[in-house]
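Student: Can you read through this structure? Questions will come right after.
The values are calculated or read from the model by the stated rules, or taken from the named source; none is laboratory data. All figures in this text were calculated on a predicted structure; none of them were measured in a lab. Glycine also receives a Cβ, built like all others from the backbone with ideal geometry; neighbour counts cover every protein chain displayed.
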Amino acid sequence: MSAKVFKDLTEDEISYYYTLLTEEITSYDCGTLCKDDNDGVPFCCVTENAVPLLFKEEFSLLESRSTLWSVWNPIEKDSKKLINEHDDEGTIFCKCKGVAFCERENRSISCRTFPLEPYIDKRGVMVGLVFMKEFSHGCPLIQREFDIRQDFIDQHFIFWEKLLFRRKREYDTYSDSSKSYRRDRTKTKKNFPILFPSHLKGRDYLLKYV
Ligand code: SF4
Ligand code: SF4
């Protein structure tokens with residue numbers, strides 16, 4: 001299906017998505033796991049560690065609600081390269097004012113979903129969430145799959161299903177990253193955890209597809 005048949009996201013949709021991304025990821029403040037190694041700031045709240053990528057409509061929605069966000073304009077060569085290589089016109093790298101100014105209701109989708117992303121199986125079906133492997137050295141939560149709350153997984157699964165249906169680009173991105181997780185698994189013989197939503201837990205028929 002051509003990407004052109006997908007209309008752009010709207011601010012209303014983003015507002016709705018935010019209502020699907022309210023669950024706490026853990027039953028404790030996971031910032032306590034990483035703050036001490038990052039000058040008292042959670043690793044994922046330092047722009048240079050994990051640059052939030054916002055949908056353009058998301059940025060305009062947040063701009064209308066708050067002064068928390070601005071466009072990320074780095075001066076470092078490597079960071080500029082990241083922006084130059086970014087070729088999705090529908091999204092924009094942003095930064096927030098910092099953790100001392102965080103507004104819970106105005107956190108971006110990137111903030112709310114970190115450090116998990118959707119996992120798309122060999123059939124092309126989304127079946128769960130996986131940890132973003134590129135952050136395995138900065139985010140200690142990635143080694144603690146059993147700390148992720150089931151309510152969080154269930155709620156975020158609904159969000160991702162909706163988004164993947166709306167943005168082909170997102171579907172393609174996560175389809176590619178899921179393939180790369182499988183390639184790594186074959187190469188290293190090391191499995192990676194898949195966090196299944198309640199309705200897919202214990203479904204043995206899925207094993208041959210993941
Ligand atoms: S998600 Fe990871 S990096 Fe972010 S606060 Fe929790 S443990 Fe730290
Ligand atoms: S908006 Fe809040 S959660 Fe998001 S990066 Fe900034 S401080 Fe962290």
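Student: Any idea how many residues of the range 123-148 are within 14 Å of Tyr28 (Cα to Cα), basic (Lys, Arg) and within 16 Å of the chain's Cα centre (by Cα)?
Tutor: Selection size over the range 123-148: 0.
Student: Next question. How do the pairs read when you match residues in the range 107-119 that are assigned to a helix (DSSP H, G or I) with residues anywhere that are more than 10 Å from ligand 2 (Cβ to nearest atom), using Cβ under 6 Å and keeping only pairs 6 or more apart or on different chains?
Tutor: Final answer for the pair search is Ser110/Leu53; Arg112/Leu21.
Student: Restricting to the range 85-106, count the residues that are acidic (Asp, Glu) and modelled with pLDDT under 95.
Tutor: Summing the residues that are acidic (Asp, Glu) and modelled with pLDDT under 95 in the range 85-106 gives 4.
Student: Anything in the range 32-86 that is among the charged types (D, E, K, R), at negative phi and away from ligand 1 (no atom under 12 Å from the Cβ)? List them, or say none.
Tutor: Glu48, Lys56, Glu57, Glu58, Glu63, Arg65, Glu76, Lys77, Asp78, Lys80, Lys81, Glu85, listed by residue number.
Student: While we're here: Just for the range 17-32: of the residues that are exposed (fewer than 13 other Cβ atoms within 10 Å of the Cβ) and over 15 Å from the mean Cα position of the chain (by Cα), which one is nearest to ligand 2 (Cβ to nearest atom)?
Tutor: Asp29
Student: Of all residues being outside any loop (DSSP other than H, G, I, E, B) and either within 13 Å of ligand 1 (Cβ to nearest atom) or touching a residue at least 60 places away in the same chain (Cβ under 8 Å) (or both) in the range 96-106, which is surrounded by the most Cβ atoms within 10 Å (Cβ to Cβ)? Just the residue, please.
Tutor: Here the residue is Val99.
Student: So, in the range 33-91, of the ones that are in contact with an Asp or Glu (Cβ under 6 Å, 6 or more places away or on another chain) and outside any loop (DSSP other than H, G, I, E, B), which residue ends up surrounded by the most Cβ atoms within 10 Å (Cβ to Cβ)?
Tutor: If we take residues in the range 33-91 being in contact with an Asp or Glu (Cβ under 6 Å, 6 or more places away or on another chain) and outside any loop (DSSP other than H, G, I, E, B), then Leu61 is surrounded by the most Cβ atoms within 10 Å (Cβ to Cβ).
Student: Only one of Phe131, Phe146, Phe157, Phe135 is farther than 22 Å from Phe59 by Cβ, without any contact (Cβ under 8 Å) to a residue 60 or more places away in the chain and either touching a Cys at 6+ places or on another chain (Cβ under 8 Å) or crowded, with 16+ Cβ neighbours inside 10 Å (or both); which? Walk me through it before giving the result.
Tutor: Numbers: Phe131 fails: without any contact (Cβ under 8 Å) to a residue 60 or more places away in the chain; Phe146 fails: either touching a Cys at 6+ places or on another chain (Cβ under 8 Å) or crowded, with 16+ Cβ neighbours inside 10 Å (or both); Phe135 fails: without any contact (Cβ under 8 Å) to a residue 60 or more places away in the chain.
Criteria check complete, one pass: Phe157.
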